[in-house]
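Peer 1: Quick one: the structure is below, and I'll ask about it shortly.
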Amino acid sequence: MEGHKHIVELLLRYGANPNARTTSGRTPLQEAAAARHDELVAFLVSKKVDINSQAYSDGWSPLHEAIYWRNIQMVRLLVDHGALLNAHLTSSKAPLHMAVVQQNIPLMEILLKAGADPDVLMNEDITPLHLAAAAGWIQGIELLIQLGAEVNARDSLTLETPLHKSARNREVHAIKKLLELGANQPAMNCDGQNYEDILNCAQLNSKDWAVDNSRGAYLMSLHSGTIN
């Protein structure tokens, strides 16, 4: 999309479908968001287009696009006009998961203050706090818990809490912060291991214990890619 607002306006005036989709299911609004064309996105939103359309292949919505490109102005616009805050990708990431993976406090604040669920789940019941903990991201941990995230949330694959994820990745400062903020120290995963057991093993052999901090439930030794 070239981003020429006057051409888009002309096409709409002559009956073009503002929600037309490409073969992959992308709408003009999604293309404009991906192109980081703020003016065109604002124009299309003003025409009451489907603000929550999701592509067939990856499930991306215009909000996912805006978050991916760290476009704060566009995220605010979409949120203010009713973008679904807890919509998931095909890979099951909600907008808040994406903002946490990017370690972007301003985007997280926009989403959370607009009503995003701080405990929204992605695949394997991974919460945003699991991801922040796995990355050892103190600011993210503090903000999520401050705004209501469950510090002892468990995933469905290993029954691990954020504390376990920090231990797997040897994020000692994150471990201290989580304990300070109420993490359950003796909590055990599905293998009967508490965070200290995991940390001891990870310090001996980090490769076999570390988790991908963009997914939370998967070992780095088994999965080296990143899904946004």
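The values are calculated or read from the model by the stated rules, or taken from the named source; none is laboratory data. Model, not experiment: these values are computed from the prediction. Please note: Cβ atoms are built from the backbone with ideal geometry, for glycine as well, and neighbour counts cover all protein chains shown.
Peer 1: Among (1) within 9 Å of the chain's Cα centre (by Cα); (2) at positive phi, which single condition is M122 missing?
Peer 2: (2)
Peer 1: Shifting gears a bit: Can you tell me which residue is surrounded by the fewest Cβ atoms within 10 Å (Cβ to Cβ) among those in segment 182-206 that are under 16 Å from R154 (Cα atoms) and among the hydrophobic types (A, V, I, L, M, F, W, C)? Spell out how you get there, then give the answer.
Peer 2: Residues of segment 182-206 that are under 16 Å from R154 (Cα atoms), as a first pass: 182-195, 198.
Subsequent filtering for residues that are among the hydrophobic types (A, V, I, L, M, F, W, C) retains 183, 187-188, 190, 198.
On the way: A183: 24, A187: 16, M188: 16, C190: 12, I198: 24.
Here the residue is C190.
Here's the yes/no breakdown for (1) crowded, with 22+ Cβ neighbours inside 10 Å; (2) at pLDDT 95 or above; (3) closer than 17 Å to Q103 by Cα; (4) out of contact with any helix residue (DSSP H, G or I) (no Cβ under 9 Å at 6 or more places or on another chain):
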position: L163; (1), (2), (3), (4): yes, yes, no, no
position: L179; (1), (2), (3), (4): no, yes, no, no
position: A210; (1), (2), (3), (4): no, no, no, no
position: G216; (1), (2), (3), (4): yes, no, yes, no
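Peer 1: So which of A183, A174, A187 ends up being closer than 22 Å to L96 by Cβ, of a type in the set (A, V, I, L, M) and not in a helix (DSSP H, G or I)?
Peer 2: On the way: A174 fails: not in a helix (DSSP H, G or I); A187 fails: closer than 22 Å to L96 by Cβ.
Being closer than 22 Å to L96 by Cβ, of a type in the set (A, V, I, L, M) and not in a helix (DSSP H, G or I) holds for just one of A183, A174, A187, which is A183.
Peer 1: Moving on to the next point. Only one of A202, A183 is in the same structural domain as Q139 (by the TED database) and within 21 Å of V120 (Cα to Cα). Can you tell me which? Outline the logic, then answer.
Peer 2: Values: A202 fails: within 21 Å of V120 (Cα to Cα).
On inspection, the qualifying residue turns out to be A183.
Peer 1: Hey, can you tell me all the residues within segment 54-68 that are acidic (D, E) and either touching a helix residue (DSSP H, G or I) at 6+ places or on another chain (Cβ under 6 Å) or crowded, with 24+ Cβ neighbours inside 10 Å (or both)?
Peer 2: Within segment 54-68, just E65 meets the criteria.
Peer 1: If L112 passes every condition in (1) closer than 25 Å to G25 by Cα; (2) buried (at least 18 other Cβ atoms within 10 Å of the Cβ); (3) without any contact (Cβ under 8 Å) to a residue 60 or more places away in the chain but one, which one does it miss?
Peer 2: Answer for L112: the failing condition is (1).
Peer 1: Still on this structure: Among (1) in contact with a Pro (Cβ under 7 Å, 6 or more places away or on another chain); (2) part of a loop (DSSP other than H, G, I, E, B), there is one condition W60 misses while meeting the rest; what is its number?
Peer 2: Every condition holds for W60 apart from (1).
Peer 1: Tell me, which residue of segment 165-180 that is touching a Lys or Arg at 6+ places or on another chain (Cβ under 9 Å) and not acidic (D, E) is farthest from T127 (Cα to Cα)?
Peer 2: A174
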